[in-house]
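**Student:** My structure is below; once you've seen it, I'll send some questions.
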Amino acid sequence: MKRILSVLLTIPLFLCALSVQAADVRIGVLAKNGPAKAMKKWAATGDYLTAKLGKSFKIVPLDFDKVNPAIEANEVDFFLINSSMFVTAKVKFGASAIATMINSRQGQSLKSFGGVIIASAYNDAINSIEDIKGKSFMAVKKSSFGGWQMAYKTIKDKGIDPFTDFASVDFAGKHDNVVFAIQNEVAQAGTVRTDTLERMVASGDVAMEDFKIINKQSSDFPFVYSTTLYPEWPLAKTAATSDALAQEVAAALKAVNKDDAAAKKAKIIGWTDALDYGPVEDLQKALSVGAFAN
């Protein structure tokens, strides 16, 4: 009888341990173009980590306004968001980057990206950032790092406040919408992340000769740009996620080959050691945005 009782008492403990062991490792992903596209892009990465590490990894698409609550409440174990949003999570919730994405854009391998400020090639009144004073300006979203914050910092460094010195600052929601707004003269100038123009030219949506690049910079970076270049998106862990698991995930990601489904579906080359996101934090402080708002 004692033996039977002992067995019965151990069953709940066994089931509890089994439940913990079987729990999904959740990776939150910024679903900037909707949850369906986020899953299409990143589900293969979850499958790759599941096969590589023998744990179940689940991709969790997150809208912009759902990212911080999910991180704060530990509803995700890891997350992939833009570099500025990561800094907010780092400062506010103790998150830490474990790897940086090596992007693939137009056949180029990229660990950094920037913002490009554009105007219509036929608008003779705008040839510099200073010329945008009194003119209408279009960006993507206030929370968009490459589609607003980088350009905002570059404009502010010129001693210009876009919210008082420009005729208007509007947000189109998507990078392509900004380009079309400039093309159709809905706005006189605007900003998008690097490679947007080249991608739209390659797909036949626009012609490069219809645009001029404002504050154009020069380096070996393969796309036109107007701002400082910043590190690509990081994969980060929440404060509650163990360092041991984070090290396993980082090592597995750095082993991703550009020919693996995880890279092809995500349209990336792979992953590298986490880069320095200090310049992103400096941007937030300068603009009083993200973790340093208000």
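The values are calculated or read from the model by the stated rules, or taken from the named source; none is laboratory data. Just so you know, these numbers come straight off a predicted model, no measurement behind them. Neighbour counts run over all protein chains shown; Cβ positions are idealised from the backbone, glycine included.
**Student:** Tell me yes or no: at least one residue of the range 94-109 is part of a helix (DSSP H, G or I), of a type in the set (Gly, Ala, Ser) and either modelled with pLDDT of 95 or more or touching a His at 6+ places or on another chain (Cβ under 8 Å) (or both).
**Tutor:** No, the range 94-109 has no match at all.
**Student:** Considering only residues that are modelled with pLDDT under 95, under 20 Å from Leu197 (Cβ atoms) and not hydrophobic (A, V, I, L, M, F, W, C), look in the range 114-145 and name the one that is surrounded by the most Cβ atoms within 10 Å (Cβ to Cβ).
**Tutor:** Ser144
**Student:** Give the number of residues within the range 93-113 that are surrounded by fewer than 24 Cβ atoms within 10 Å (Cβ to Cβ) and over 22 Å from Leu245 (Cα atoms).
**Tutor:** 10
Residue-wise test of (1) in the same structural domain as Val29 (by TED's automatic domain parsing); (2) not in a helix (DSSP H, G or I).
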| site | (1), (2) |
| --- | --- |
| Phe223 | no, yes |
| Ala236 | yes, yes |
| Ala263 | yes, no |
| Ala286 | no, no |
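**Student:** Could you tell me which of the residues Gly204, Gly190, Gly147, Gly173 is under 26 Å from Ile81 (Cα atoms), assigned to a loop (DSSP other than H, G, I, E, B) and either touching a Cys at 6+ places or on another chain (Cβ under 7 Å) or not assigned by TED's automatic domain parsing to the domain that holds Lys32 (or both)?
**Tutor:** When all the criteria are applied, what remains is Gly173.
**Student:** Looking at Val179, Val186, can you tell me which residue is surrounded by 15 or more Cβ atoms within 10 Å (Cβ to Cβ), farther than 18 Å from Gly146 by Cβ and modelled with pLDDT of 95 or more?
**Tutor:** None of the other options fit; the residue is Val186.
**Student:** Another question about this same structure. Name every residue in the range 111-126 that is part of a strand (DSSP E or B) and among the hydrophobic types (A, V, I, L, M, F, W, C), in order of residue number.
**Tutor:** Phe113, Val116, Ile117, Ile118, Ala119
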